[in-house]
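Data block below; observations after.
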Amino acid sequence: MIDTHTHLYLPEFEEDGEASAVKRALDAGVEHLVFPNVDLTTVEPMTRLAAAFPHQISCAMGLHPTEIDDKWKDNLDRIFEIIGSGNSYVAIGEVGIDLYWDKTYRDAKMLAFSLQAAKAVELGLPLIIHCREGLDEVLEVLKDYPGVQAVFHSFGGTEADVDRIRALGDFYFGINGIVTFKNSKLRDVLPAIGIDRILLETDSPYLAPVPHRGNRNESAFIPHIAAHIAQSMEIPFATVDSTTTLNARKLFKI
């Protein structure tokens, strides 16, 4: 199993040590982790923890849409400098559109996303897309980048959303603890996605799956997500494990 979206480097893991969370994930059968960046403050802790597990952790670099503010252009320029510094990144992310909390910077978020999508095309890297209350805007930007590879992280949309996304490209869908929630309708959407385009993720420390809901999430909980997918799609757990792992390795070249 591969956790394709986890933030084990964030302060929520400082108390018991970030390395401990990584080790618990490995002990739980997670063979690889992908760390997406958030902003300039997270670059150092992310890369430091990844360096401690060079064979088990890969990093993505980008500027998160909730971090777009009056200084976003300068911050993004610095992110691009980091990308060009010689370090190896497996994706541009996490990037995208988030209008859930604030629509003030809608146009700036679209421009920042577009610039980062262009960087992904330039470098031949996939995008890790954060999309919350912003699917129209995300799709509008993606129209300008045909052929770009991407995963829609933390997907929780409908079958109609899947169809709209697929009209633009053959994208992957990150499925996390949302699929385990009691009233989640995401389980009904999984067949429309298909196991060959599903990636496992936790989005740690957020969205802990049942039976850990309400607690800090971590990558060691990936088996719970895989089990719910297997049950919902009526396929063996081993199939979910092997297919989603292959999907992640294809997209991120890990």
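The values are calculated or read from the model by the stated rules, or taken from the named source; none is laboratory data. Just so we're clear, the structure is a prediction, and the values are computed from it rather than from any experiment. With ideal geometry, Cβ positions are generated from the backbone for all residues, glycine too; neighbour counts draw on all protein chains shown. Surface accessibility is based on the protein's heavy atoms, side chains included, excluding ligands, DNA and RNA. Shrake-Rupley method; radii C 1.70, N 1.55, O 1.52, S 1.80 Å.
Data table
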| item | result |
| --- | --- |
| Failed item, numbered, when Phe155 is tested on (1) out of contact with any Ser or Thr (no Cβ under 9 Å at 6 or more places or on another chain); (2) under 21 Å from Ala248 (Cα atoms); (3) surrounded by fewer than 19 Cβ atoms within 10 Å (Cβ to Cβ) | (3) |
| Filter pass, Phe173 being touching a strand residue (DSSP E or B) at 6+ places or on another chain (Cβ under 8 Å), surrounded by 16 or more Cβ atoms within 10 Å (Cβ to Cβ) and without any contact (Cβ under 8 Å) to a residue 60 or more places away in the chain | yes |
| Candidate set from region 1-19 (those that are in a helix (DSSP H, G or I) and modelled with pLDDT of 95 or more); member that is least open to solvent (accessible area, probe 1.4 Å) | Phe13 |
| Candidates Val30, Val34, Val38, filtered to the one that is aliphatic (A, V, I, L, M), over 24 Å from Gly124 (Cα atoms) and at pLDDT 95 or above | Val30 |
| Search result, residues across region 197-227 that are touching a Gly at 6+ places or on another chain (Cβ under 9 Å) and open to solvent by 40 Å² or more (accessible area, probe 1.4 Å) | Tyr206, Leu207, Val210, His212, Arg213, His224 |
| Output for region 210-237, where each listed residue is within 27 Å of Ala19 (Cα to Cα), assigned to a helix (DSSP H, G or I) and free of Cβ contacts under 8 Å to residues at least 24 places away in the same chain | Ala227 |
| Odd one out for Leu142 among (1) open to solvent by less than 70 Å² (accessible area, probe 1.4 Å); (2) out of contact with any Leu (no Cβ under 7 Å at 6 or more places or on another chain); (3) at negative phi; (4) at pLDDT 95 or above | (2) |
| Test set (1) of a type outside the set (Ser, Thr, Tyr); (2) touching a Leu at 6+ places or on another chain (Cβ under 7 Å); (3) open to solvent by 70 Å² or more (accessible area, probe 1.4 Å); (4) closer than 27 Å to Trp101 by Cβ - Gln149 fails condition number | (4) |
| Subset of region 1-32 [over 13 Å from Arg216 (Cβ atoms) and in contact with a strand residue (DSSP E or B) (Cβ under 8 Å, 6 or more places away or on another chain)] | Met1, Ile2, Asp3, Thr4, His5, Tyr9, Val22, Ala25, Val30, Glu31, His32 |
